[in-house]
Every structure is written in C-alpha cells, then in structure tokens.
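The values are calculated or read from the model by the stated rules, or taken from the named source; none is laboratory data. On a predicted model such as this, the values are computed, not experimentally measured, just so you know. Reconstructed Cβ throughout: ideal geometry from the backbone, glycine too, with neighbour counts over all protein chains shown. To get the accessible areas, we keep the full protein, side chains included, count just its heavy atoms, and leave off ligands, DNA and RNA. Shrake-Rupley method; radii C 1.70, N 1.55, O 1.52, S 1.80 Å.
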Amino acid sequence: MTTDTQAATAAYIDGLGADTLAKAAAYTTGAHWLLLWALVASAVVTLVIVRWGVLDRVEAKLAHRGPNLRAFVVGVVYFLVSAALMLPWSLYEQWWRETSYGRTSQPLGDFLGQGLLSIVISALLGALFFVGVYALIRRTGRAWWAWSAGLTAAALSALLLAAPVVIEPLFNDFKPVPAGEVRDALVVMADRAGVPEDRIFVYDGSRQSNNFTANAGGVGGTARIAISDVAFKGASLDEVKAVTAHEIGHYVLGHTWRLVIVFSGLAILFFFLADRLFPRFARAFGSRASLADPAGLPVLLFMASLFGLLAGPVSNGLSRVAENQADQYSLEAVNLPDALATALVKTAEYRNPRPTQLEELLFYSHPSVERRVQRAMEWKASHEAR
C-alpha cells in the first residue's frame, strides 16, 4: 500500500470523528461479549426446561400417538417456552441495546409484535425440521448424522427458496425501485450482469434498523437483491450503484449456494459430534433423555449453540472471502472506488472499522471497513496509473 492510499484510507475512516469511532468500537466489542453471554443464557434456559420436566410431561401425554406427532408437539412447546424464558435477554440484546446506540428507532410494541410472529414461524419450522431429524435417528441407525446433514441442506435450500416470497414480506414491504435516475442506472447494471430487472427491490428496512445495508437472497426464481430504504436516504447515486453492484456480485458469483454447502458441511460435523457427545451433555444438565428422545431437544440445541460459537471463526472466514469477492465485482463492474468507500464508511457506525487482526479473524463476517476501503483506494490508484 502506497503512502497516498494509506492517507486516503485514513482520511475516510478518521472523517467519522473520534466520538463516532469510539462509539463504534464500544458497540462492536460489546456485541462480541454478547456472544458469550448469549451462550450462558442458553445454558440457563436449557437447565430450567430440563429440570422443570415440561417436555417429559408433554411427551408422556402423547405416549399413544405416533412418533412424528410427538416430536412435532414437543418441538413446538420447546421453542415457545424457550422464547418466553429468553424474552428478557432478547429485549435487552435486540431492542434496548440497539435503541441506546441509535441503531434502531423501532417502537417497542412493533418489536414485540414482529418478535412474536418470528417466534411462531421459528417454532413451526424448527419443529418440522426436528421431526425429520428424529425420524432419521430411528430409521437410519448409526448413520443418522450423515443423513441429517443431507436434510439440513434440503431444508436450507427450501428456506432460501421460500423466504423472499413467503416469510420476508411478513416483516417488510418490498417494492420495485421507484422510477427515476436510480432505477434507470440499476436496470442497466442488472441487465449487464444478467440479473432480471424485476428482481431488484427497495424495502422498508428502517422499520427495524437504522443501518445502511442491502442483501442478496433467495435462489432460482425467488433470487432477488434488496436494498434498505436507509441506503436511499442521503446516499448519492454513485453510492447506491456501488452497493448494488456489490450485491449483484453475490448473486452472479453464486454465494447463496456456497452458503448452503458450507452450512451443510458444518452440519455433518455437528451431528457427528452430537452422536458421540450427547450423553455427556445430557448428564451435565440432569436430563435422562436419550439422543433419540425429543425430550432431549433442549440439550441438543444447546450443543448446537456451543458448536455455532466455536465454528464462528470458520464461517466468518468464508464469509469474508465472499464479501471481498463482491467488493471486487463492484469495483470491476462500475469502477466507483470512492463511492464504495463512502458507502462502506457508513457501515462503520455499527462495525468497528479498525479491529485488531485477532478480532477480525474471530468475530467479523465482513472484512474490516478500513481493509475494504484500503482495497478500494488501491484499486483507484492502480487504475488511475494506467
């Protein structure tokens, strides 16, 4: 990196001001600690549910019913009870803290209403998924963990296919980008990339978050690029183009399918470990359930939470690779390094732009803003020199 690109990068980051940078660092560091405390909260909830015996009683009442119905009802009850017990934590982590840092303006009533809807959907879908897992445990014997990883891949694919048209519209209003110079520019970009122009939307992301964000989601016929209305408030046309090109990069490069492959691979490892370690965790929580018993679901899902925390650096590393590739796509597609840099700086308000290397390695799903701006400046310098 040359002195000029170093100076340009520093100017962008320092332009946020010392107070904003300090606030971003505090917010980000706190979020990292919350990962650990969330695991502790999950352990407490698991212990309460196991010692309470509510799932054992539900299962006993359904003793004469089929195993799939028992697994489904026990699963629904677990997810609902767990969500109720975790409500104080969820209120603190997802609403009070976000509000205190200015990351959301969502009224508490709307937050609770959307949270309830999310809990119901998660309970139904989660219970259905574990009906399949417990059926595989019964029918495939010692190979259940491999089959369950295949089930995970199928479930993720189905969720990615359905979410943009069935689930996400329940929480936000997705509309075509309004007519005007922004839409005209995005249609040209989409056409060049082979992305159908009717798959680019703006949604009312400001309902839940004040973060400058966009995302690419869905697969096949439901694949779409969605840009939060926050990104349209105070953003220049070039910034919108740079951010949209980044999301088009995710679409064109097939990152959604890569996500399915990565999580399916992690699922193989998790279910393999669960097959070996479940009895030890069950004894630690005082549960008498076997791995094949739906009443052991709280223990199994605590193991999943622990595994997810430990596997975080791996999934984050792979995510950072994809984000770098999408940044590169944006630079090559629209060649707006300064606009990309200014758009990235807006995300630094909720993601410390200058983490240590260890922090970035362990916790960051995106490369640090400073690193991304630096790459944009290097791109600018190398292409200006030609």
Exercise. Given the residues ALA341, ALA333, which is the only one that is modelled with pLDDT of 95 or more, within 13 Å of VAL243 (Cα to Cα) and either buried (at least 19 other Cβ atoms within 10 Å of the Cβ) or among the β-branched types (Val, Ile, Thr) (or both)?
Worked result: ALA341
Exercise. What are the pairs, 6+ residues apart or on separate chains, where a residue within the range 117-132 that is closer than 19 Å to ALA149 by Cβ has its Cβ under 8 Å from a residue that is among the acidic types (Asp, Glu) and open to solvent by 60 Å² or more (accessible area, probe 1.4 Å)?
Worked result: none
Problem set entry | Of all residues making up the range 198-226, the number that are hydroxyl-bearing (Ser, Thr, Tyr) and under 15 Å from THR244 (Cβ atoms) | 2
Exercise. What single numbered condition from (1) modelled with pLDDT of 95 or more; (2) crowded, with 17+ Cβ neighbours inside 10 Å; (3) out of contact with any strand residue (DSSP E or B) (no Cβ under 9 Å at 6 or more places or on another chain) fails to hold for THR347?
Worked result: (1)
Exercise. Would you say TRP147 is open to solvent by 20 Å² or more (accessible area, probe 1.4 Å), touching a Ser or Thr at 6+ places or on another chain (Cβ under 8 Å) and in a helix (DSSP H, G or I)?
Worked result: yes
Exercise. Before we move on, is ALA295 farther than 26 Å from ALA158 by Cβ, at pLDDT 95 or above, small (Gly, Ala, Ser) and open to solvent by less than 20 Å² (accessible area, probe 1.4 Å)?
Worked result: yes
For this session: Give me the pairs, please: first residue somewhere in the range 306-319 and part of a helix (DSSP H, G or I), second residue anywhere and of a type in the set (D, E, K, R) and surrounded by 14 or more Cβ atoms within 10 Å (Cβ to Cβ), beta-carbon distance under 9 Å, and either six or more positions apart or on two chains.
Result: ASN316/GLU360; LEU318/ARG258
Exercise. Pairs under 8 Å by beta carbon, first residue farther than 22 Å from ALA146 by Cβ in the range 269-289, partner open to solvent by 40 Å² or more (accessible area, probe 1.4 Å) and of a type in the set (A, V, I, L, M, F, W, C), six or more apart or different chains?
Worked result: PHE285/LEU47; GLY286/LEU47
Exercise. Looking only at the range 109-142, which residues are over 22 Å from the mean Cα position of the chain (by Cα), closer than 27 Å to VAL166 by Cβ and among the hydrophobic types (A, V, I, L, M, F, W, C)?
Worked result: VAL131, VAL133, ALA135, LEU136
For this session: State which residue pairs qualify: first residue within 29 Å of ILE119 (Cα to Cα) and inside the range 171-182, second residue open to solvent by less than 90 Å² (accessible area, probe 1.4 Å) and among the aromatic types (Phe, Trp, Tyr) in any location, beta carbons under 8 Å apart, and separation of 6 or more residues or different chains.
Result: ASN172/TYR203; ASP173/TYR203; PHE174/PHE201; PHE174/TYR203; LYS175/PHE201; LYS175/TYR203; PRO176/PHE201
Exercise. So which residues in the range 61-76 are closer than 15 Å to ARG139 by Cβ and not in a helix (DSSP H, G or I)?
Worked result: GLY66
For this session: Report those helices (runs of 4 or more DSSP H) wholly inside the range 323-386 carrying at least 3 residues which are in contact (Cβ under 8 Å) with a residue 40 or more places away in the chain, under 18 Å from PHE212 (Cα atoms) and β-branched (Val, Ile, Thr).
Result: 337-347
For this session: Inspect all residues belonging to the range 223-240 and state whether any of them is among the basic types (Lys, Arg), touching a helix residue (DSSP H, G or I) at 6+ places or on another chain (Cβ under 8 Å), touching a residue at least 60 places away in the same chain (Cβ under 8 Å) and not in a helix (DSSP H, G or I).
Result: yes
Exercise. So, in the range 134-143, of the ones that are surrounded by 13 or more Cβ atoms within 10 Å (Cβ to Cβ) and free of Cβ contacts under 8 Å to residues at least 60 places away in the same chain, which residue ends up nearest to VAL81 (Cα to Cα)?
Worked result: LEU136
Exercise. Where residues in the range 1-59 are open to solvent by less than 30 Å² (accessible area, probe 1.4 Å) and of a type in the set (S, T, N, Q), which of them is farthest from HIS383 (Cα to Cα)?
Worked result: THR46
Seminar exercise, completed: Of the listed residues (SER209, SER157), the one being surrounded by fewer than 19 Cβ atoms within 10 Å (Cβ to Cβ), within 25 Å of ILE261 (Cβ to Cβ) and either touching a residue at least 24 places away in the same chain (Cβ under 8 Å) or out of contact with any helix residue (DSSP H, G or I) (no Cβ under 8 Å at 6 or more places or on another chain) (or both) is SER157
For this session: Tally the residues that are in contact with a helix residue (DSSP H, G or I) (Cβ under 9 Å, 6 or more places away or on another chain), open to solvent by 60 Å² or more (accessible area, probe 1.4 Å) and assigned to a loop (DSSP other than H, G, I, E, B), restricting the search to the range 88-133.
Result: 1
